[in-house]
Each structure stands twice: as C-alpha cells, then as structure tokens.
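This report concerns only the one structure given below.
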Amino acid sequence: MPTRKKIGLIGAGNIGGELARLVANKELGDVVLFDIAAKENFAKGKALDLEQNGAVLGYDSHIKGSSNWDDLKGADVLIITAGVPRKPGQSRDDLVAINLPIIRDVASNAKRVCPDAFVIVISNPLDAMVYEYKRVVGAPKEKVVGMAGVLDSARLQLFLAREAGVSVKDVRTTVLGGHGDDMVPVLGSCTINGVPVGQLIAKEKLAAIVDRTRKGGGEIVGLMGTSAYYAPATSAVAMAEAYLLDQKRLLPSAVYLDGEYGYKDIFMGVPVIIGGKGVEKIVQIELTADEKVMLEKSAKSVQSVIDVVKKAS
Ligand code: A3D
C-alpha cells in the first residue's frame with residue numbers, strides 16, 4: 001500500500017505547472033501532472049523539469065507527466081484546471097461552450113478512477129464548472145469545492161494593505177458569491193489585525209478597492225493576454241493542504257448550497273471550514289441588507305450560467 005498521498009493535477013498548463021511546483025515543494029504527496037494525449041510530452045517534460053528542481057531545492061515528491069487516466073487511480077486530491085483561460089475582452093462566462101465538454105470528460109474519467117478524491121475545481125466559469133463536475137460524478141457535497149474566494153480575498157487583502165500602508169499579513173478579508181464581476185467583498189468582515197478597515201481607509205478609497213477586486217482577474221488578463229496563475233495555484237494549494245493536513249481552515253470556497261444563505265442547488269462562494277473530511281462546515285455569517293442584495297445579484301449571475309449548463313446536454 002502506498003503511504004504517500006497522490007495528488008492529481010488535471011491540466012498541465014500555466015496553473016497546473018505552478019500547482020505541481022508548490023505541491024512538490026511542500027511535499028504534500030506525489031504528483032500526477034495530467035493533460036490530453038496531444039500534450040502528453042509537454043506534461044512529461046514539465047514533470048521532469050520539476051523533479052530536477054527538487055534535486056536543487058531538496059524535495060522528494062515524485063512528479064509524473066501523463067495522459068493516461070489509469071495513472072490517477074486512487075488519487076487523494078484532484079485539482080482541475082483543464083480547459084481554456086480567458087483572452088482579453090472575454091468574460092469567464094464566454095468560456096462555457098469550450099470548457100463544459102472538457103469538465104464533463106474530466107468528471108466521467110475521475111468518477112471511474114478516483115471517485116473518493118477531494119476535488120478542487122479551478123476551470124472557468126468556476127461556479128458552473130464545479131456544479132457540473134459534482135453532478136456528473138455524483139460526489140458528496142463535502143468532497144467537491146471550487147477555488148475562487150481565497151484568490152479574490154487575497155486580491156482584496158493586497159489592495160487594502162497597500163492603501164493602508166500595512167503588511168498583507170495583518171489584513172483579513174472575505175469575498176463571497178460567484179467568481180465574477182458581481183462577487184461580494186464583505187467589507188464589514190475585513191480588518192487590519194482586528195481594526196475595521198473603515199477606520200483606516202476612506203469610504204471612496206474602499207469603493208475603488210472593491211471595484212478593482214471585482215475586476216482583478218480581468219486586469220491581469222488585460223496585461224498578460226491570459227489568466228493569472230501564481231496566486232490561483234497558491235490559493236488552491238492552501239485548500240488542498242487544509243484537507244490533507246486536517247487543518248480546519250476557514251476559507252471562502254465555492255460549495256454546494258442546500259439552503260444555506262437561502263440558496264439551494266447552486267455552487268457559490270461562502271466561508272467554509274476545510275479539514276480532513278473535506279468541507280466540514282458551511283459558516284453562516286451575518287450580512288448587511290446591502291450585502292444580501294449584492295449576494296442575490298451574484299447568485300442570479302451564477303444561476304444563469306448553471307441554467308445554460310443544465311440545458312446543454
Ligand atoms: P492553460 O495554461 O491553457 O492550461 C489548461 C490546460 O488544460 C492545457 O494544457 C490544456 O491542454 C488542458 N486540457 C484541455 N482539455 C483537457 C482535458 N480534457 N483533460 C485534461 N487537460 C485538458 O490555462 P490556465 O492553467 O492558465 O487556466 C486553466 C483554467 O483555470 C482556465 O479555465 C482559467 O479560466 C481558469 N482560471 C480560474 C481562476 C479562478 O480563480 C477560478 C483563476 C485563473 C484561471
């Protein structure tokens with residue numbers, strides 16, 4: 001019986017490569033870096049480069065490039081980035097036609113080889129892709145999450161820290177809702193080591209920071225011509241680590257809601273506790289009337305994409 005954890009990274013592109021580097025560097029387990037057959041050698045090359053990186057840095061994780069689903073047999077964690085990223089001018093929702101068949105293909109294979117894995121979906125449009133993954137696999141809601149809130153909160157954290165002239169380490173933030181321009185930064189819960197941000201940053205500055213956070217992904221796509229990948233990968237690894245090490249971290253994550261916050265049969269970002277059983281608790285925080293209105297708007301955007309996915313059989 002293997003004792004090391006097996007971590008499957010589905011998609012060996014920009015985020016997949018950075019995920020592999022982080023997972024190996026933290027020695028969270030052995031890695032299978034998976035991509036389609038046409039990119040098998042690319043995945044194998046990246047894997048070999050990253051294993052050689054370990055000889056310098058001193059990590060022993062094995063990293064295998066593959067396009068064979070059997071290599072994912074019994075994986076403990078899957079992180080899914082399969083699909084295409086945005087190009088300048090595209091919204092996340094524009095990706096649905098291309099990424100829907102990809103997530104279905106990934107889900108049906110994962111169902112066969114590693115139905116019990118803890119799964120973190122990153123592919124966009126995030127909330128709809130993670131919804132479809134869970135539907136196809138029929139996995140319990142504790143075992144399937146989407147990564148968005150950790151990244152969106154990190155962006156908010158950075159902008160607040162820079163504005164207040166403090167370390168990012170002292171800023172705590174929460175962003176809820178769908179992973180789109182309607183996401184809900186919950187300023188009432190944002191503090192600088194316990195001091196409400198509203199006491200240190202002027203209202204109009206806060207409004208500009210909220211706007212920049214909402215458009216944070218697009219800002220990077222506009223600059224680079226493709227999606228961000230360092231911070232998205234780090235965010236997903238924080239979630240994987242919380243599961244693998246039973247850390248019980250409270251992290252905003254896209255999870256299946258079954259009445260929480262007044263929503264049913266939808267994936268959306270809310271604060272959850274991630275530990276060894278997966279999503280161990282959905283934490284219900286009190287929202288102001290304004291935040292509830294914003295969450296409703298965000299939920300409607302998410303639902304409209306999920307409806308498109310449901311109709312596309
Ligand atoms: P990219 O570098 O293009 O890598 C994607 C990889 O997926 C490519 O190597 C493809 O060959 C591979 N792929 C395609 N189809 C399959 C398949 N059926 N099975 C396995 N692999 C396949 O993209 P990226 O890594 O920059 O981004 C990946 C996804 O993450 C995109 O959909 C982005 O929009 C999304 N993304 C999400 C966030 C969030 O915060 C949620 C942030 C950044 C990017």
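Laboratory data are not the source of any read-out in this text; all were calculated from the coordinates shown. Since the structure is predicted, the reported quantities are computational estimates derived from the model, not experimental observations. So basically every Cβ, Gly included, is an ideal-geometry build from the backbone, and we count neighbours across all protein chains shown.
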Give me the mean projected area, in nm² to one decimal, of the convex hull enclosing the Cα positions of the chain.
15.9 nm²
Treating only the Cβ of Lys, Arg, Asp and Glu as charged (+1, +1, -1, -1), what charge dipole size does the chain show about its Cα centre? Round to the nearest 20 debye.
140 debye
Could you tell me the relative contact order of the chain? Use alpha-carbon pairs under 8 Å, at least six residues apart, and round to a whole percent.
17 percent
For Lys310 paired with Ala289, estimate the spin-label separation in nm (one decimal), with each label point 7 Å from Cα along the Cα-to-Cβ line.
3.1 nm
Starting from the 7 Å offset along Cα-to-Cβ, what nm value, one decimal, do you get for the label separation of Arg212 and Thr226?
2.6 nm
Given pairs Lys169/Lys297; Lys264/Lys311; Lys134/Lys310; Lys134/Lys264 and cut-off 21 Å on Cα-Cα distance, the over-length ones are Lys169/Lys297
Here FRET efficiency (C-beta to C-beta, Glu296 to Glu40, R₀ 41 Å, nearest 0.05) is 0.35
Dividing the convex hull volume of the Cα atoms of segment 131-230 by its residue count, what figure in Å³ per residue is obtained?
128 Å³
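Past 19 Å, Cα to Cα, is the threshold; run Lys26/Lys215; Lys6/Lys111; Lys6/Lys64 against it and keep the listed order.
Lys26/Lys215
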For segment 5-66, Kirkwood radius (reciprocal of mean inverse C-alpha pair distance, Å):
10.9 Å
At 222 nm, what helix-only mean residue ellipticity would the chain give, in deg cm²/dmol to the nearest 500, using -39500 (n - 2.57) for each DSSP H run of four or more?
-14000 deg cm²/dmol
I need the per residue convex hull volume for segment 1-139, using only the alpha carbons, in cubic angstrom as a whole number.
106 Å³
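Let me know the volume per residue of the alpha-carbon convex hull for segment 59-214, in Å³.
Values: hull volume 23.9 nm³, N = 156.
So the per-residue Cα hull volume is 154 Å³.
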Extension gain, Lys248 back to Asp71 (0.36 nm per residue minus Cα-Cα distance, nm)
60.8 nm
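What does the charge dipole of segment 1-94 about its Cα centre add up to, to the nearest 20 debye, if the Cβ of each Lys and Arg holds +1 and the Cβ of each Asp and Glu holds -1? Provide the component values of the computation, followed by the final result.
Working: 13 positive and 13 negative charges, 25 e Å.
Roughly 120 debye, rounded to the nearest 20.
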Any chance you could run the full-extension gain for Arg112 through Thr3? It's 0.36 nm times the residue separation minus the Cα-Cα distance, nm to one decimal.
37.1 nm
Cα atoms only: what Rg and Dmax, in Å, come out for segment 269-313?
14.2, 38
